Amino acid sequence: LLKETGSIISGGKILGAITQFPNYQNTDIDIYCPIQNMPSFLTRLVKADDALFNFDRFNKRQSSLYCKSFLKKNGIKRVYTFKLKSQRRDTFLIDVMSVRKRRSPLQVVTNFDLTFCQVWFDGSDVYASHPDHIRSKAGILQEEYVPSFLINNKRRYKSYSTRHVGN
């Protein structure tokens, strides 16, 4: 489905899968889909008779000020959030972001604030903009994100710094 629609999965779940750090288990799955392919993606994901998932709940979460800024800057029109309970009774979220035509999903992912978060899965392979930053567990906050960090988003960076404690 990712290949067919030009979508990619990125963020903490992919980072956790390649680093195998246990502190990434509770992260959501972030999927970036081109807006023109969003109807077919959502149909195959949850609406079709042979849908990939049977979700417990669908909703639209309120974004933080930082997140809203990121969404607008990267041409993300809508975020669809799906909550799923697995057979092991774990609960996880899947966020599907609709990327406007002026940007591609890859352009969004390679514009993430933290360089070690710029990692993605395209349905076949995993890629990273800065694999050395992932290996060394030391990334860079991209310059354009410094003002928002100073104003209102220190908690996000603290959460990443504490995920590697003891590993």
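Values in this text are rule-based calculations from the coordinates and carry no lab data. These figures come from a predicted structure and were not determined experimentally. When we count neighbours, we look across all protein chains shown, and the Cβ atoms used for this are built from the backbone with ideal geometry, even at glycine.
Between Arg135 and Arg44, the contour length at 0.36 nm per residue exceeds the Cα-Cα span by 29.3 nm. Summing Lys and Arg as +1 and Asp and Glu as -1 over all other residues whose Cβ lies under 14 Å from the Cβ of Arg44 gives a net charge of -1.
In terms of the mean number of neighbouring beta-carbon atoms within 10 Å, the peptides 134-141, 5-12 order highest first as 5-12, 134-141. Give the calculated FRET efficiency between Ser124 and Arg78 to the nearest 0.05, with a Förster radius of 25 Å applied to their Cβ-Cβ distance. With R0 = 25 Å, the Cβ-Cβ based efficiency is 0.40.
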